[in-house]
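Asker: This is the structure, below, for whatever I ask next.
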4 protein chains.
Amino acid sequence: MIRIFVTGGTFDKQYNELAGTLAFKDTHLPEMLRLGRSRVDVDIRTLMMIDSLDMTAADRGLIVEECRKARETRILVTHGTDTMVETARALADALPPDAGKTVVLTGAMIPYAFGSSDGLFNLGSALSFVQALPAGVYIAMNGRYFTWDRVRKNRDSGVFEAT
Amino acid sequence: MIRIFVTGGTFDKQYNELAGTLAFKDTHLPEMLRLGRSRVDVDIRTLMMIDSLDMTAADRGLIVEECRKARETRILVTHGTDTMVETARALADALPPDAGKTVVLTGAMIPYAFGSSDGLFNLGSALSFVQALPAGVYIAMNGRYFTWDRVRKNRDSGVFEAT
Amino acid sequence: MIRIFVTGGTFDKQYNELAGTLAFKDTHLPEMLRLGRSRVDVDIRTLMMIDSLDMTAADRGLIVEECRKARETRILVTHGTDTMVETARALADALPPDAGKTVVLTGAMIPYAFGSSDGLFNLGSALSFVQALPAGVYIAMNGRYFTWDRVRKNRDSGVFEAT
Amino acid sequence: MIRIFVTGGTFDKQYNELAGTLAFKDTHLPEMLRLGRSRVDVDIRTLMMIDSLDMTAADRGLIVEECRKARETRILVTHGTDTMVETARALADALPPDAGKTVVLTGAMIPYAFGSSDGLFNLGSALSFVQALPAGVYIAMNGRYFTWDRVRKNRDSGVFEAT
């Protein structure tokens, strides 16, 4: 059983056609897993639905606490890419490797609701890394995985890089 | 560096609008990796472009031989789902774990060119498993991985299951 | 009120993922009209779900009879492109201009269920021509309309041309 | 030959993945016409690339002037939906029916770059109405056409209605 915590991010942004703006409504995770014909046993919980630039210390504290409390040892967190590294660091502080938990954060550069999204690829990737990697906190983006302390988002290219 | 061998399968079927039939043309792998914003270092080679029901012993022998010869130790094979298990078995015979190679086969139930394809999810998944799993031959489908000798395709549901 | 008769054709082909073949199931018309946010008052009836190459004289007779009987004076027929011109001719024989009916046939080169379909464009086009054109039998394809007696499908290019 | 003037609007909004916002870049019109396999002879010119809420009297004056000067008698204008009716009015003032020009404005509620856009349907519709309607200024939305003086956008439902 894998726990999935949804926190929002570009992944789940959609177009509000009356307002003409991007907004959050419900998570697309169940629909994405259905499209991917996933048969992985998952339990999805939405913790928040926000842009990661708007994430406060309290929000981050909640994510950490939920990961700490979760009975599952394999946890996937969907997250905006802009502060994903910061949340990964907070998680690593609270969940050292001997906590026995594998936590993988992922997100998307393009909303899933857009035809050209990287979201489905990233979800397939993160869901696989979380099953196969040893205990630790990781970011899965661009088809790769990074340990929490050796990664940064290159804001010019939008790509995650090893540091 | 990861080696990707393309063999066809539903993954790469497309609609021939003049004939009104499904057919193979070029592989969609590079386009899919671009959509997924993959930064994994890969070398893609198309070995054949066929329906896996049409795969002969000679075709299978070629796949095995190419995997055996490849200098890369991590190899992804795209393949039709109908005889994927059979090819996995042939690969396992030729590449015992002490050969030090991780080979992951994947495919799709719906062609990538269709809007509702599972292909992008599967590619993200297989590309991640091939990076994270130890030496051996595996099938990555439905968000899960299976060792070659403990998997079958359920033809009624279209889902891969552990045996 | 516009009457829509569905007869199948590439428009409505979908991928049967267990068989790995193209097949008909339900029509996509209601979903397409919803996606187009259509507010045109329509009544959709499925007469048959077949490839137009398989259409018999009896099938064609049924389409003609239904168009003749329909109380609506504006009728849209979805149809496979291969024999669309032949059905248009049969309709024109039974519905001379003084019958006061505008009948527009349309179809698609790529199934709607494929991401790259021309179907939504063609549906928007045909639905508009059927509202604006005078009584007569027409084919709406490639963004254009043709009277039934001055059109052919160019089988090499897949494009409808004036004759 | 049909003249197409592009002015922006939701039609052409796309997702800027580095900024995480909606923005204009190039028009999607040529790509959309290609997808629709359109063989209508068109000449596309981009006049501006703006949200119609940001459209000034000067912008509107430019659109009117370009339509007035155009040698083509059939003109399609893509436009944001919020002030489409206002631009239609300005066009009707400058182009009375005896000017002999058919001008059709259209737009979209969802950007074309989104998978679920109504844009392709609307383009097929508007391109057809502009070929079939007599001289005058019209709005083509929701599969219907409206003369410029008998239409409003219902801001609660996002639907264009006759007045």
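The values are calculated or read from the model by the stated rules, or taken from the named source; none is laboratory data. From a predicted model like this one, the values you see are computed outputs, not experimental measurements. Heads up, the Cβs are rebuilt from the backbone with ideal geometry, glycines too, and the neighbour counts pull from every protein chain shown. We work out accessible area using only protein heavy atoms, side chains counted, and drop any ligands, DNA or RNA first. Shrake-Rupley method; radii C 1.70, N 1.55, O 1.52, S 1.80 Å.
Asker: Inside the range C:95-116, can you point out the residues that are at the interface with another protein chain (Cβ under 8 Å from one of its Cβ atoms) and under 16 Å from the mean Cα position of the chain (by Cα)? Working first, answer last.
Answerer: Within the range C:95-116, the first condition is being at the interface with another protein chain (Cβ under 8 Å from one of its Cβ atoms), and the residues that meet it are C:109-111, C:113-116.
Residues satisfying the conditions are C:Met109, C:Ile110, C:Pro111.
Asker: Kindly provide the set of residues from the range B:34-53 that are of a type in the set (Ser, Thr, Tyr) and open to solvent by 50 Å² or more (accessible area, probe 1.4 Å), ordered by number.
Answerer: Within the range B:34-53, the first condition is being of a type in the set (Ser, Thr, Tyr), and the residues that meet it are B:38, B:46, B:52.
Scanning the range B:34-53 gives a single hit, B:Thr46.
Asker: Might you let me know whether the range A:109-131 holds any residue that is outside any loop (DSSP other than H, G, I, E, B) and at positive phi?
Answerer: Narrowing the range A:109-131 to residues outside any loop (DSSP other than H, G, I, E, B): A:114, A:119-131.
This time we only want the ones that are at positive phi, so: none.
Taking every residue of the range A:109-131 in turn, none turns out to be outside any loop (DSSP other than H, G, I, E, B) and at positive phi.
Every residue, every condition in (1) within 14 Å of chain A (Cβ to nearest Cβ); (2) aliphatic (A, V, I, L, M); (3) farther than 26 Å from B:Lys153 by Cβ, yes or no:
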| site | (1), (2), (3) |
| --- | --- |
| B:Glu17 | no, no, yes |
| B:Leu22 | no, yes, no |
| B:Arg37 | yes, no, yes |
| B:Asp54 | no, no, no |
| B:Ile75 | no, yes, no |
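Asker: Ok, one more. Given the condition without any contact (Cβ under 8 Å) to a residue 40 or more places away in the chain and small (Gly, Ala, Ser), answer yes or no: does some residue in the range D:61-77 qualify?
Answerer: Yes: the range D:61-77 contains one or more residues that are without any contact (Cβ under 8 Å) to a residue 40 or more places away in the chain and small (Gly, Ala, Ser).
Asker: Give the residues of the range B:122-137 that are closer than 21 Å to B:Lys153 by Cβ, surrounded by fewer than 24 Cβ atoms within 10 Å (Cβ to Cβ) and more than 8 Å from chain A (Cβ to nearest Cβ), sorted by residue number.
Answerer: Correct list: B:Gly136 only.
Asker: Does any residue in the range D:147-163 that is under 25 Å from A:Ala19 (Cβ atoms) come within less than 7 Å, Cβ to Cβ, of a residue that is surrounded by 15 or more Cβ atoms within 10 Å (Cβ to Cβ) and among the polar types (S, T, N, Q) six or more places away or on a different chain, and which pairs are these?
Answerer: Partner pairs satisfying both residue conditions: D:Lys153/D:Thr81; D:Val159/D:Asn142; D:Phe160/D:Asn142.
Asker: Now for a separate question. Does the range A:92-144 hold any residues that are over 22 Å from B:Leu76 (Cα atoms) and among the aromatic types (Phe, Trp, Tyr), and which are they?
Answerer: Correct list: A:Tyr112, A:Phe114, A:Tyr138.
Asker: Looking at (1) more than 12 Å from the chain's Cα centre (by Cα); (2) more than 30 Å from B:Asp156 (Cα to Cα); (3) more than 9 Å from every other protein chain (Cβ to nearest Cβ), find the lone condition where C:His79 falls short.
Answerer: For C:His79, the failing item is (1).
Asker: Within the range D:2-39, how many residues are touching a residue at least 12 places away in the same chain (Cβ under 8 Å), of a type in the set (A, V, I, L, M, F, W, C) and out of contact with any strand residue (DSSP E or B) (no Cβ under 6 Å at 6 or more places or on another chain)?
Answerer: 3
Asker: Among what's in the range D:138-157 and is facing another protein chain (nearest Cβ under 9 Å) and of a type in the set (S, T, N, Q), pick the residue that is surrounded by the most Cβ atoms within 10 Å (Cβ to Cβ).
Answerer: We begin by selecting, within the range D:138-157, every residue facing another protein chain (nearest Cβ under 9 Å); these are D:140-145, D:155-157.
After this cut, where a residue has to be of a type in the set (S, T, N, Q) as well, the list is D:142, D:157.
Working: D:Asn142: 22, D:Ser157: 11.
Step by step, filter the range D:138-157, then rank; the result is D:Asn142.
Asker: Among the residues of the range A:96-108, what is the count of those that are part of a loop (DSSP other than H, G, I, E, B) and open to solvent by less than 10 Å² (accessible area, probe 1.4 Å)?
Answerer: First, the residues of the range A:96-108 that are part of a loop (DSSP other than H, G, I, E, B): A:96, A:100-101, A:107-108.
Adding the requirement that they be open to solvent by less than 10 Å² (accessible area, probe 1.4 Å) leaves A:107-108.
Number satisfying all stated conditions: 2.
Asker: Tell me, which strands (runs of 3 or more DSSP E) lie completely within the range D:1-71 with 3 or more residues that are hydrophobic (A, V, I, L, M, F, W, C), under 15 Å from D:Thr106 (Cα atoms) and modelled with pLDDT of 95 or more? If you could, list the steps in order and put the result at the bottom.
Answerer: Details: elements: D:2-8, D:13-16, D:21-24, D:42-50.
Where strands (runs of 3 or more DSSP E) fall fully within the range D:1-71 and carry at least 3 residues being hydrophobic (A, V, I, L, M, F, W, C), under 15 Å from D:Thr106 (Cα atoms) and modelled with pLDDT of 95 or more, they are D:2-8, D:42-50.
Asker: Follow-up. Of all the residues that make up the range B:73-94, how many are open to solvent by 10 Å² or more (accessible area, probe 1.4 Å) and not β-branched (Val, Ile, Thr)?
Answerer: So the count comes out to 8.
Asker: So C:Gly119 fits all but one of (1) surrounded by fewer than 18 Cβ atoms within 10 Å (Cβ to Cβ); (2) closer than 22 Å to B:Ala113 by Cβ; what number is the exception?
Answerer: (1)
Asker: Same structure again: All but one of (1) surrounded by 18 or more Cβ atoms within 10 Å (Cβ to Cβ); (2) more than 20 Å from B:Ala132 (Cβ to Cβ) hold for B:Leu62; which doesn't?
Answerer: (1)
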